[in-house]
There are 2 protein chains.
Amino acid sequence: MKRRDFLKKAGVGAIAASTVFGPVYAQTMPRLRWRMATSWPRSLDTLFGSAEIVAKRVAEMTDGRFEITPYPAGEIAPGLQVLDVVQAGNVEMGHTANYYYIGKSPSLAFDAGVPFGLNPRQQNAWLYFGGGLQAMQRVAADFNAITFPAGNTGVQMGGWFRKEIRGLEDLKGLRFRIPGLGGQVMARLGVTVQTLAGGEIFLALDRGAIDGAEWVGPYDDERLGLHRAARFYYYPGWWEPGSTLSVLVNLDRWRSLPKEYQEIVKAACAEANERTLAEYDTKNAPALARLQRAGAQLRPFPTSVLQAANREATALYEEIAARDATYRGIYENWKKFRDESRRWFGFNEFRYEDFVRTLR
Amino acid sequence: MKRRDFLKKAGVGAIAASTVFGPVYAQTMPRLRWRMATSWPRSLDTLFGSAEIVAKRVAEMTDGRFEITPYPAGEIAPGLQVLDVVQAGNVEMGHTANYYYIGKSPSLAFDAGVPFGLNPRQQNAWLYFGGGLQAMQRVAADFNAITFPAGNTGVQMGGWFRKEIRGLEDLKGLRFRIPGLGGQVMARLGVTVQTLAGGEIFLALDRGAIDGAEWVGPYDDERLGLHRAARFYYYPGWWEPGSTLSVLVNLDRWRSLPKEYQEIVKAACAEANERTLAEYDTKNAPALARLQRAGAQLRPFPTSVLQAANREATALYEEIAARDATYRGIYENWKKFRDESRRWFGFNEFRYEDFVRTLR
């Protein structure tokens, strides 16, 4: 480009092009009030906070014309029935984790994440660029819903145990609170699996009704007080290596939205997806230090346990794939993506982390 | 809550509350056309694509009323002078990496990332929840601009070398293309640092005018053809462990926007921030395999090189902090955040990655 042209384009003349042109446009942006059922107690400011981010950002982007109110689990719907009430149209939308609904379709496990699955960045890569989100939205459409990623917890911790786990034999007969596919894998390793809602875990563990329990990670676990009921804190939480939270919207309601509102909701979900992970990454670090000061003993799961758990997880996925064609199609695509991605993450990213963790 | 109340709240009656209420609102959402200068050639669909995500999402969320056009480096502004033209008001906004402007303020290095600094998730955590973005926006305000994170490359690769680097002695006198703080650290290790624009690297390396060059990572490096000019591909790129790209907006222009448009621009930037990383994480994996099939030889930097580089990087930061009070304040906050975060990432996340990379 000639300098003269450059100046012409970049100079004062350019400002004119940026000013308001045409008449002010009379819009048809309706005022809406929607309710959002969630799977979270209000006290968990990370998880419930993720739903609040979506609501807040939609309000800000529409000057308050599109108002969404998130409700804690149990207020307008039971925490694990968010998809049900969205499907029925009882509420317009929800904030949840889609692995709660694997009883309806096992494919939904991949939306939230599975044992020995993708880490948070790989989850986003698969969902946004690996065909994952389209696949998940096809499954959700069978339940009259559309789904969007809207939060991530990071690699979770392996939970709290009253006794040390030195090998596979220590898992046999252990009464451990763990839901979902992680629970199914644990059961195959001989664990007596318990499912309890978040608010019931502390008391059960403290009274010895269970021998151990997993929840999320340092920040959320500290809020439940689990470190006061069990001493050994294991890592990593191989059953939830990057759990994605999701916004569900009733499909009829979704289609009734003006296009701009649809795009604004999508953007708000993407923001919640990114910010919730950043919030966990910020809050877990000091929470871990506090837990250790309070007496928590950190322990890595023995490699033998990880290897056996991975074998059982793989066997479980193959069994589901053998009886569910939709799952099989998604699983094959996901597995190829995972293996290729794992190779890339396993050397460049890994080598950097491996070095910097030795500093100070 | 009683079951009766629950049914009343969740039942059919709830739908009424969600319908449109009040008259359709006459809005004052102006039609705007803005230009966005970028630091990227159009051929790099990841970097320039990140600017395009911002423009596309703003258009979608405003039904096309707010139109932003991104221009490749050199068309309406030189690639490394985006802040300059935004500051002057010659263009309304830009998409760039703020470490290009450390000559104006060394503090801006932390916005994009520094050698041995934060990984992409830590960057987001520090920017959004660790006080980083507020600090960066205070610095940008001195240049009549506001800045938002709008893209991330992931941990970059260590670049292409014609000869193997077996230790520090192999760096002495080596002519290596590397800009910014990474270049300053390399210079302290005896490297003869070269700065060349992206489009000039291949020819210089192929003709032997330089002995090596770094660019970004497998996908972008492949597009420049660097594997055809040098054989040894080093990792990790310790000088760019999670480079954040940024949108800059002229502060007067920013203040002239309706509040909704400001919020929509913020959301579009957050989406670009997340999606660009996901796109790199998706595209780098198969690109690496292609490069290896084409003959690239992967080599880790020797630990002695990483250690010496980290020592020099730390010394450099301390030197800048001694002469620049703004930098010192930000550096101290950043360093505390980094050390705490590194401890958390270094065990739970690390242990998971360390295990899964051994699978298959």
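Just a few scattered comments:
- By the Stokes-Einstein formula, at 1.002 mPa s and 20 °C, the range B:214-286 with its Kirkwood radius over alpha-carbon pairs has D equal to 142 µm²/s.
- The protein assembly as shown: antiparallel DSSP beta bridges as a percent of all, rounded to 5: 45
- Estimated buried accessible area (total), pair A and B, 1.4 Å, Å² to nearest 100: 9900
- Dipole of the range B:300-360 computed with +1 at Lys/Arg Cβ and -1 at Asp/Glu Cβ about the Cα centre; of B:GLY329, B:PHE345, B:ASN310, farthest Cα towards the positive end is B:PHE345.
- Amide proton proximity set for B:VAL191, modelled H, under 5 Å, gap of 5+: B:GLY173
- Highest-first arrangement of A:115-125, A:178-188, A:305-315, where packing means the average Cβ count within 10 Å: A:115-125, A:178-188, A:305-315
- For B:HIS95, the residues whose amide H sits under 5 Å from its own are B:ALA37, B:THR38, B:SER39, B:LEU248, ignoring neighbours fewer than 5 places away on the same chain, with H placed 1.01 Å from N.
- Inter-chain Cβ neighbour average for residues A:250-261, partner chain, 10 Å: 2
- Shape class for the range B:184-343, computed from the alpha carbon gyration tensor (a ≥ b ≥ c): oblate, with a/c not under 1.5 and a/b at or below b/c.
- Solvent exposure of the range A:51-196 as accessible area per residue, Å², 1.4 Å probe: 30
- Paramagnetic reach from A:GLU169 in the range A:288-320 [backbone N under 20 Å; point 7 Å along Cα→Cβ]: A:300-309
- Net charge dipole size for the range A:263-359 [Lys, Arg +1 and Asp, Glu -1 on Cβ; Debye, nearest 20]: 360
- With semi-axes defined as the square roots of five times the eigenvalues of the C-alpha gyration tensor, the equivalent ellipsoid of the range A:90-170 measures 29, 16, 12 Å, largest first.
- Look at the stretch A:126-135: the mean tally of other chain Cβ atoms within 10 Å of its residues' Cβ atoms is 2.
- The phi torsions of the range B:313-328, fed into the Karplus equation with coefficients 6.51, -1.76 and 1.60 and a -60° offset, translate into couplings of 4, 4, 4, 4, 4, 5, 4, 5, 4, 5, 10, 9, 5, 4, 4, 4 Hz, rounded to whole numbers, with Gly and Pro shown as x.
- Mean per-residue shielding of peptide A:270-278 is 6, counting Cβ atoms of other chains within 10 Å of each Cβ.
- Amide hydrogen neighbours beyond the local backbone of B:ALA145, cut-off 5 Å, H modeled: B:LEU251
- Each residue of the range A:339-354 was assigned a 3J(HN,Hα) from its phi angle through the Karplus curve 6.51 cos²θ - 1.76 cosθ + 1.60 (θ = phi - 60°); the sequence is 5, 5, 5, 4, 5, 5, 5, x, 10, 6, 4, 5, 4, 5, 4, 4 Hz, with glycine and proline shown as x.
- Debye log10 I(q)/I(0) at q = 0.05, 0.12 Å⁻¹ for the protein assembly as shown, Cα point scatterers: -0.25, -1.41
- Remark: spin-label model distance A:ASP142-A:THR326 equals 0.2 nm, labels positioned 7 Å along the Cα→Cβ axis.
- A point 7 Å from Cα along Cα→Cβ stands in for B:GLY225, and the other copies hold the same point at 6.8 nm, listed in rising order.
- Label point 7 Å beyond Cα along the C-beta direction, distances from A:ASP324 to other copies (nm, shortest first): 5.4
- At R0 = 51 Å, FRET efficiency that the Cβ-Cβ distance of B:GLU67 and B:GLU319 yields, to 0.05: 0.65
- Net charge in the neighbourhood of A:TYR219 (other residues with Cβ under 12 Å of its Cβ; Lys, Arg +1, Asp, Glu -1) is -3.
- Taking only Cα atoms of chain A, radius of gyration then Dmax in Å: 23.0, 81
- For the peptides B:231-241, B:286-296, residues were scored by their other Cβ atoms within 10 Å and the scores averaged per peptide; the highest-first order is B:231-241, B:286-296.
The values are calculated or read from the model by the stated rules, or taken from the named source; none is laboratory data. Just so it is clear, the structure is predicted and the values come from calculations on it, not from any experiment. Every residue, glycine as well, gets a Cβ built from its backbone with ideal geometry; the counts of neighbours run over all protein chains shown. Please note that ligands, DNA and RNA were not included when accessible areas were found on the heavy atoms of the full protein model with its side chains. Shrake-Rupley method; radii C 1.70, N 1.55, O 1.52, S 1.80 Å.
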